[in-house]
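S.K.: This is the structure, below, for whatever I ask next.
Here, each number is a calculation from the coordinates, and none is a lab measurement. It should be emphasised that the depicted structure is a prediction, and the values quoted were computed from it without experimental measurement. Positions of Cβ are generated from backbone atoms using ideal geometry, with glycine treated the same way; all protein chains shown enter the neighbour counts.
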Amino acid sequence: MGNLKASDLEGTRFDYFNGEVRLEELFTPLAGEHQVMNAALAVKATMLALERTEEKDNAEAGSHASPPQNIERSEAIKAGLAATRWRGRLELVSTDPPVIIDGAHNAGAAVALAAFISKYLAGRKVILVLGIMADKDVDDILRALLPIADETIFTSPAYSRAESPERLASLAQDAGFANVHVSLTVKDAVALAKDRQALLSSDIQAVIVISGSFYTAGEALQEMGENSILGTLRETR
């Protein structure tokens, strides 16, 4: 249903096709190739809802019914996709220095994040800030994300379920990843990441990637001047 055309940190471009219906040059500001399927499903659901609404309106209007406004419908769908926002999902929150926040808190999301970083930020040094809940698939998340990082800073959001950064660092070192640091708070981790970024950057700036939990993402956004959203975040498997 969706045909990827381009994807980068600014978003994803794709064509949608389903039977006789074809919409070209669609854009969503959500980054990642996996967003094509999500967006295509959203388009399909919207098309079905609009068709049923039109059928109901036409039935009520009887002989005075107007033909479906396909052009208007297509433009509305394009506008809706372009206005989509999903905080904490491959979100570029700063360009100077470059900082990406992704709340990947399970193995599947971590794999998707790692695939995007490996493909679209190839050649860039990556400083990974990672804070994970203890009841999540910690080993699988580490297995997916550690290989993309030149350095990893383990931290802990202010939440009772958070795994200790010391244990995360120990697991990483046991797996053969030696270039790790520990910061007890997300605030300290963000500050350390910026310091390390300045040291690692040369002609091309190193990228900070903050991930592992939406709680970690929420606190990091606060440290970068955003309004507090931590209290509204909820994680499920």
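S.K.: Only Cα pairs under 8 Å and at least 6 apart count here; give the relative contact order of the range 119-226 as a rounded whole percent.
M.R.: Once normalised by length, the contact order is 36 percent.
S.K.: Would you mind computing, in nm to one decimal, how far apart the modelled labels at residue 166 and residue 37 are, each placed 7 Å from Cα along Cα→Cβ?
M.R.: So the label points at residue 166 and residue 37 sit 4.1 nm apart.
S.K.: Mind sorting 188, 102 by how few other Cβ atoms lie within 10 Å of their own Cβ, fewest first?
M.R.: The most exposed by this proxy come first: 188, 102.
S.K.: Could you tell me which residue out of 133, 98, 186 lies farthest along the dipole of the range 91-232 toward its positive end? Charges go on the beta carbon: Lys and Arg +1, Asp and Glu -1, centred on the Cα centre.
M.R.: 98
S.K.: How many nm separate the modelled label positions at residue 79 and residue 48, each set 7 Å beyond the Cα in the direction of the Cβ?
M.R.: Rounded to a tenth, the inter-label distance reads 2.5 nm.
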